[in-house]
Amino acid sequence: MAVERILDSSLDDDDQQDQELENTLRPRDFKNYIGQARLKKNLKLAIDAAKKRDEPMDHVLLYGPPGLGKTTMATVIANEMGASIRVTSGPAIERSADLASLLTNLQDGDILFIDEIHRLHRSIEEVLYSAMEDFKLDIILGKGPSAKSLRLDLPKFTIIGATTRTGTLAAPLRDRFGMIHRLEFYTPEEIEQVIKRAASILGVKISDEAAKELSLRARLTPRIANRLLKRVRDYADVNGDGIIDAKLNISALELLDVDNLGLEPADRMLLNAIIDKYQGGPVGVDSLAALIAEERSTIEDFYEPYLMQVGLLVRTSRGREVTNKAYKHLNKTKSKNSNQGSLL
């Protein structure tokens, strides 16, 4: 399988090295892809059917919180199909001509993976409509009254889109995906398997107890599990003999300020802000973003999904509220003036 990346070239050397290391940890087939059992079953059926008919797969939209393996799943699909994949992202496609260049250079059966597809400009989305549905590319030549429309035939390809915000996609674009699948948070047991697999690839020795504890602090997310493993590995190399045991693992996580639920300082700052400034909520996300100096999209896409998953935060019609579990976790006492009801 050939993989070609068309991405932002502004990454520095350290970022590129981290990306290369991350790529070595990515599974390349369903057998080694841990978790997402239902999704794998559905995709395997679609792949087998497409291969039996000797035609490309239908277009696929993968959505869910960041770090759950959408990009990895796209490369697995390409590998299982025996197809070449070109990888790009919504922000990297700045003009319709950029997209036209990508599409006209594809071959029959190729896969075009568009990460952050929700960030495509509307005018570029419109170019995709006929390309995805009819495998035709409409090009406007010239301007004004003399402008002419030219329709080009495209090869039979598959687009795999990935997004954390499926609701922001235009309905006509979303409807052109034949398969729309959500990636779910992993279980701690699955994350423990991810950690052990990554440790084996990186040549790191880690005890079962340390792997289990690390899995409980990885926010149920493979990307974070791999990131924490690499940071704990650094700590083990400097402060030990390179072997990650339970004691060394805890020391490294304390240094990283990751608590026993996987919360980092920014998570605790968000919860404390709701408790201290708004008596536990409700508070609107825009007010919360201004209070903690974060982007609204960061709160909605990164912090909230996990905090809600572990029962520390809820969304209501009036805004965000923390739960009794959050008060207990942060060792906070609920104010008598709290607007919060009987949230668990």
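The values are calculated or read from the model by the stated rules, or taken from the named source; none is laboratory data. As the structure is a prediction and not an experimental result, all values here were calculated from the model. So basically every Cβ, Gly included, is an ideal-geometry build from the backbone, and we count neighbours across all protein chains shown.
Figures for the structure shown
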read-out: Selection from segment 30-47 of residues that are surrounded by fewer than 12 Cβ atoms within 10 Å (Cβ to Cβ) and of a type in the set (D, E, K, R); value: 31, 38, 41
read-out: Residue among 218, 252, 198 that alone is among the small types (Gly, Ala, Ser) and within 25 Å of residue 325 (Cβ to Cβ); value: 218
read-out: All helices (runs of 4 or more DSSP H) inside segment 64-156 with 1 or more residues being under 27 Å from residue 41 (Cβ atoms) and of a type in the set (S, T, N, Q); value: 70-81
read-out: Breaking point among (1) more than 23 Å from residue 260 (Cβ to Cβ); (2) of a type outside the set (Ser, Thr, Tyr); (3) touching a residue at least 40 places away in the same chain (Cβ under 8 Å), for residue 305; value: (1)
read-out: Matching entry among 291, 263, 270 (being farther than 30 Å from residue 242 by Cβ, crowded, with 21+ Cβ neighbours inside 10 Å and of a type in the set (A, V, I, L, M, F, W, C)); value: 270
read-out: Single condition residue 167 does not satisfy, out of (1) under 25 Å from residue 46 (Cα atoms); (2) in contact (Cβ under 8 Å) with a residue 40 or more places away in the chain; (3) not in a loop (DSSP other than H, G, I, E, B); value: (2)
read-out: Test: residue in segment 106-117 that is touching a residue at least 60 places away in the same chain (Cβ under 8 Å) and over 23 Å from residue 64 (Cβ atoms); value: no
read-out: Residue identified as within 22 Å of the chain's Cα centre (by Cα) and either under 30 Å from residue 45 (Cα atoms) or not acidic (Asp, Glu) (or both) among 253, 271, 248, 229; value: 229
read-out: Selected residue (only one of 62, 103 is in contact with a helix residue (DSSP H, G or I) (Cβ under 6 Å, 6 or more places away or on another chain), outside the structural domain of residue 222 (by TED's automatic domain parsing) and touching a residue at least 60 places away in the same chain (Cβ under 8 Å)); value: 62
read-out: Residue match in segment 143-165 (condition: among the hydroxyl-bearing types (Ser, Thr, Tyr), assigned by TED's automatic domain parsing to the domain that holds residue 105 and over 25 Å from residue 75 (Cα atoms)); value: yes
read-out: Cβ-Cβ under 9 Å pairs, at least 6 apart or on other chains, segment 312-336 side touching a residue at least 12 places away in the same chain (Cβ under 8 Å), far side crowded, with 18+ Cβ neighbours inside 10 Å and charged (D, E, K, R); value: 312/267; 313/304; 313/320; 313/321; 314/320; 314/321; 320/304
